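Below is one structure, written out as structure tokens; the observations come after it.
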Amino acid sequence: MRYIEPHAHMVSRTTDDYERLHLAGCRIVCEPAFWAGFDRSSAAGFRDYFDQITRFEPKRAAAYGIAHYAWICLNPKEAEDLALAREVLSLIPDFLDRPSVLGIGEIGLNKNSRNELAIFHEHLDLAVHHRQLILVHTPHLEDKRKGTQLILDAIREHPDLAPERVLIDHVEEHTVRLALDRGHWAGITLYPTSKCSAARAIDMLDVHGHERLWLNSACDWGVSDPLAVPQAMREMRRRGRSEADIATITWQNPARFLSQSPRFHLPE
Amino acid sequence: MDKPQVTDLYFMDARSRLIELAATLDRLHRASGETDFRWHCLMDCLPILQDTAPEKTARILERMSDPTTAPIPAAGEKGACGVWPGYRRDHT
């Protein structure tokens with residue numbers, strides 16, 4: 001069955017992973033800008049990275065029959081240096097017209113600091129000004145609950161942002177309802193140890209339904225699985241979920257959210 | 001799913017995870033030195049497994065979370081350690 005991987009950091013993965021993704025049914029990959037595991041020392045490093053995910057990765061994916069889209073931003077882990085962060089933000093408009101760019105992301109918070117929050121607000125302003133979709137990263141582990149609330153309250157301070165044009169990612173059992181109740185979309189991330197297992201993800205679908213939810217792997221340079229979404233699809237089958245249910249979560253829902261961007265196109 | 005289906009699909013996995021947790025706590029018991037605050041929080045979460053109320057997962061995640069609401073002055077480090085560092089054994 002075909003599916004969409006709505007959150008994968010393919011710059012950190014080998015070309016073999018593109019091949020395996022295609023064999024597993026993946027036809028579209030979306031790559032948010034993120035932290036590469038170390039802090040970049042200049043805005044030029046970010047410009048090169050934005051070039052990589054908007055020019056090089058689409059070609060690498062296309063060689064394996066996968067359409068590649070990107071989100072552009074400065075991630076919250078590198079937001080503490082306000083001067084550098086603002087220099088990077090000034091670069092972002094140059095990339096928003098590229099044909100594979102879906103919007104601003106993955107912005108958000110990491111340690112819930114004042115500077116992270118300031119830069120988050122500035123990203124939201126940028127998204128409003130350029131009429132972009134938004135993909136939001138919520139913090140890890142003990143910081144997630146507080147950070148999610150700060151993020152949702154910050155978004156509410158921008159009344160020009162339509163809630164259905166914002167996806168709150170990495171939700172877990174204690175944050176999923178917060179995001180959905182504000183009218184946003186929510187992403188459940190299938191990531192070992194620090195986020196969510198396939199079984200827990202499907203539990204959340206059992207409890208909260210299918211509306212405005214998607215699954216992603218967020219595979220990156222850490223211990224993670226690019227095939228986490230098809231693994232979850234298999235788990236749904238083990239529980240007796242219909243093929244239509246599986247398609248709703250792994251194809252139709254991401255397609256609905258992403259189609260709010262005029263640059264997103266489903267394959268023929 | 002009915003309860004027999006949940007049992008068929010998940011009992012053996014749950015049994016394995018419970019024994020792994022027990023072995024980890026045995027390992028901690030044998031080890032020297034101070035007990036990290038995160039273990040206190042983990043132990044405080046165990047009664048949630050035995051009570052009859054729903055939403056055990058969310059309640060455990062909440063117990064481990066930072067309960068404060070204001071942004072911190074600065075992000076000194078990037079990582080998270082699994083339990084809010086302000087957690088104390090008498091945290092309720």
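Computed from the coordinates by the stated procedures, all read-outs in this text should not be read as laboratory data. This is a predicted model, so every value here is computed, not measured. We place every Cβ from the backbone using ideal geometry, glycine too, and count neighbours over all the protein chains shown.
Before anything else, pin down the relative contact order of chain A: Cα pairs under 8 Å, at least 6 apart, normalised by residue count, whole percent.
Working: 484 pairs, mean separation 50.9, N = 268.
Across chain A, relative contact order equals 19 percent.
Just tell me the longest site-free run in chain B, where the sites are trypsin sites (Lys or Arg not before Pro) in a DSSP loop having at most 11 other beta-carbon atoms within 10 Å. Write down the numbers at each step before the final one.
Values: sites that count: B:88, B:89.
The longest uninterrupted stretch comes out as B:1-87.
Once you charge only the Cβ atoms, +1 for Lys and Arg and -1 for Asp and Glu, what is the size of the charge dipole of chain A about its Cα centre, to the nearest 20 debye? Can you show the working numbers first?
Numbers: 32 positive and 38 negative charges, 119 e Å.
Charge dipole of chain A: 580 debye, to the nearest 20.
Counting other Cβ atoms within 10 Å, keep those with at most 15, restrict to DSSP loop, and tell me which GluC sites (Glu not before Pro) in the range A:145-222 are left.
Working: sites: A:157, A:164, A:172, A:173, A:211; in loops: A:157, A:172, A:173, A:211.
The qualifying sites are A:157, A:211.
Normalising by the residue count of the range A:1-73, find the relative contact order in percent from Cα pairs under 8 Å and 6+ residues apart.
Values: 91 pairs, mean separation 29.4, N = 73.
Dividing the mean separation by the residue count of the range A:1-73 yields 40 percent.
DSSP loop (so not H, G, I, E, B), at most 13 other Cβ within 10 Å: list which GluC sites (Glu not before Pro) in the range B:1-90 pass both filters. List each step's numbers first, then the result.
Values: sites: B:20, B:34, B:55, B:62, B:77; in loops: B:34, B:55, B:77.
Qualifying residues, ordered by number: B:34, B:55, B:77.
Please give the calculated 222 nm ellipticity per residue for chain A, where each DSSP H segment of at least 4 residues contributes -39500 (n - 2.57) and the sum is spread over every residue; nearest 500 deg cm²/dmol? Each step should come with its number before you reach the end.
Values: 11 runs with 103 residues, N = 268.
Helix contribution divided over all residues of chain A: -11000 deg cm²/dmol.
Past 26 Å, Cα to Cα, is the threshold; run A:59/B:78; A:77/A:146; A:59/A:111; B:56/B:78 against it and keep the listed order. Don't skip to the end; give the middle numbers.
Values: A:59/B:78 32 Å; A:77/A:146 16 Å; A:59/A:111 35 Å; B:56/B:78 28 Å.
Result: A:59/B:78; A:59/A:111; B:56/B:78 exceed 26 Å.
What is the average number of partner chain Cβ atoms found within 10 Å of a Cβ in A:136-144? Write down the numbers at each step before the final one.
Details: counts 0, 0, 0, 2, 5, 10, 16, 8, 5.
What the average comes to for A:136-144 is 5.
For peptide A:168-177, what's the mean number of Cβ atoms from other chains within 10 Å of each residue's Cβ?
Working: counts 0, 0, 0, 0, 3, 8, 10, 4, 1, 1.
Average neighbour count from other chains, rounded to a whole number: 3.
Just for chain A, what percent of DSSP beta bridges are antiparallel, to the closest 5? Walk me through the numbers on the way to the answer.
Working: 0 of 28 bridges.
Antiparallel: roughly 0 percent of the beta bridges in chain A.
Which distance in Å, rounded to a whole number, links the C-alpha centroids of the range A:165-201 and the range A:74-134?
21 Å
What shape does the protein assembly as shown have by the C-alpha gyration tensor, where a ≥ b ≥ c are the square roots of the eigenvalues, rounded means a/c under 1.5, and otherwise prolate means a/b greater than b/c and oblate the rest?
oblate
In whole percent, what relative contact order does chain B give with Cα contacts below 8 Å and a gap of six or more residues? Intermediate values should be presented prior to the final figure.
Working: 32 pairs, mean separation 31.2, N = 92.
Relative contact order of chain B: 34 percent.
May I ask you to give the average projected area over all directions of the convex hull of the Cα atoms of chain B, in nm² rounded to one decimal?
Working: hull surface 35.2 nm².
Mean shadow area of the hull around the Cα atoms is 8.8 nm².
About the Cα centre, and with charges only on the beta carbon of Lys, Arg (+1) and Asp, Glu (-1), how big is the dipole of the range A:25-152? Nearest 20 debye, please. Present the calculation step by step, with values, prior to reporting the outcome.
Details: 15 positive and 17 negative charges, 79 e Å.
The dipole magnitude comes to about 380 debye.
Find which of A:152, A:68, A:42 sits farthest along the positive direction of the dipole of the range A:19-172, computed with +1 on the beta-carbon of Lys and Arg, -1 on that of Asp and Glu, about the Cα centre.
Checked the options; the winner is A:68.
From the helices alone, meaning DSSP H stretches of at least four residues, give me the mean residue ellipticity at 222 nm for chain B, per-run term -39500 (n - 2.57), in deg cm²/dmol to the nearest 500. Spell out each step's value before the answer.
Working: 3 runs with 51 residues, N = 92.
About -18500 deg cm²/dmol.
Short version: ³J(HN,Hα) in whole Hz for each residue of the range B:3-18, in order, from phi by Karplus 6.51 cos²θ - 1.76 cosθ + 1.60 (θ = phi - 60°), x for Gly and Pro, what are they?
Coupling constants for the range B:3-18: 4, x, 5, 4, 5, 4, 7, 10, 5, 4, 5, 5, 4, 4, 5, 5 Hz.
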